[in-house]
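> I have a structure here, written as structure tokens, and I will follow up with some questions on it.
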Amino acid sequence: MSGRVNKWTSGRKRLCENTQRHPNNAVIASVAKQSLTKNALIVRDCHVAALLPMTMSIIAKRLFTQPRNLSTKKVGKLSLAIIGLILLLSGCRYEEGPFINFTNVEKRIRGSWSVSKVYKNGEETNTESPTIVETRNAQFEFYGTGVLSIRYVHDGINKESSGSWEFANKKKIIRVVFLNQYYNISRDYEIIKFKSNELKLRFTDGNGVQWTLVLSLNYSFVPYGM
């Protein structure tokens, strides 16, 4: 670990020296340092994310190990590559992360999830819920076929609701339809956070109340082909 830190420090020192000798490199140097050290890149379901480590490694190597050989033309190309990559990935992020995750969201969602927390207008509540279905400890089961099953308890009785689900708005929304006892309810859940074992959803009901559901993964359906 210390070897990597020393190499990193040495590389940044060479980069600064090169920037002083070649003023035209200042912009790309600044962008590269910010891009390589910033942890706020949050990747959603972009296949291009798989290229990120390799691409940034190549750029870092060119900047840190061969700074004296960089021409203005090459610097311009590298700057465009970094800026383009950042802009491309910026459209693939959720509000609360996670950091880079290479798992396809369509596979990540397939499984059994339990509602662990419910928030009403930003405040956690243990007594209120949007409906009798969307309540704490309810189990949401997302199947690969688009079928949604919700198991919940109402008045001490185990019940089950069925419906459907799909992604919308570039997979930033989970659109669901389910039966709430006697009538169907349609929701557009905005994905706030989507880790492999945690899913945070937010929506506003017809009364203007903002609800947030935090779901924890029980188990994935992917190994079972469901």
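> Tabulate in residue order the Karplus-calculated ³J(HN,Hα) for region 163-170, using 6.51 cos²θ - 1.76 cosθ + 1.60 with θ = phi - 60°, rounded to whole Hz; enter x for Gly and Pro.
Calculated HN-Hα couplings, in order: x, 9, 8, 6, 7, 8, 6, 6 Hz.
> Ok, one more. Where in region 103-208 are there chymotrypsin sites (Phe, Trp or Tyr not before Pro) that are in a DSSP coil and have at most 14 other Cβ atoms within 10 angstrom of their Cβ?
Those satisfying the criteria are Y182.
> Using a ≥ b ≥ c from the Cα gyration tensor of region 161-226 (square roots of the eigenvalues), is it rounded, prolate or oblate, where a/c under 1.5 gives rounded and otherwise the larger of a/b and b/c decides, a/b for prolate?
oblate
> Provide, as a two-decimal number, the C-alpha radius of gyration of region 105-224 over 2.2 N^0.38 Å, N being how many residues it has. Let's see the in-between values first.
Values: Rg = 13.3 Å, N = 120, 2.2 N^0.38 = 13.6 Å.
Here the answer is 0.98, to two decimals.
> For region 137-145, what does the Karplus curve 6.51 cos²θ - 1.76 cosθ + 1.60, with θ = phi - 60°, yield as ³J(HN,Hα) per residue in whole Hz, taken in order and with x for Gly and Pro?
So the J values, rounded to whole Hz, are 6, 5, 10, 9, 10, 9, 9, x, 7.
> Give me T131, T103 sorted ascending by neighbouring Cβ count inside 10 Å, so fewest comes first. Show your work: numbers first, answer last.
Details: T131 18, T103 12.
Listing T131, T103 from fewest to most nearby Cβ atoms yields T103, T131.
> If r is the Cβ-Cβ distance from E160 to T103 and R0 is 35 Å, what FRET efficiency results, to the nearest 0.05?
Efficiency, from the Cβ-Cβ distance: 0.80.
> From the backbone phi of region 122-130, what are the Karplus-calculated ³J(HN,Hα) couplings (6.51 cos²θ - 1.76 cosθ + 1.60, θ = phi - 60°) in whole Hz, Gly and Pro given as x?
x, 10, 5, 10, 9, 10, 10, 7, x
> In terms of modelled amide H atoms, which long-range or inter-chain residues lie less than 5 Å from the amide H of R136?
Counting only residues 5 or more places away or on other chains, the set is empty.
> Only counting other Cβ atoms within 10 Å, I'd like T145, T127, T135, T212 sorted with the fewest neighbours first.
Ascending number of Cβ neighbours within 10 Å: T127, T145, T135, T212.
Quick note: the coordinates plus some simple rules give every number you see, no bench work behind them. Here the structure is a predicted model, which is why all the values come from computation and not from measurement. Neighbour counts run over all protein chains shown; Cβ positions are idealised from the backbone, glycine included.
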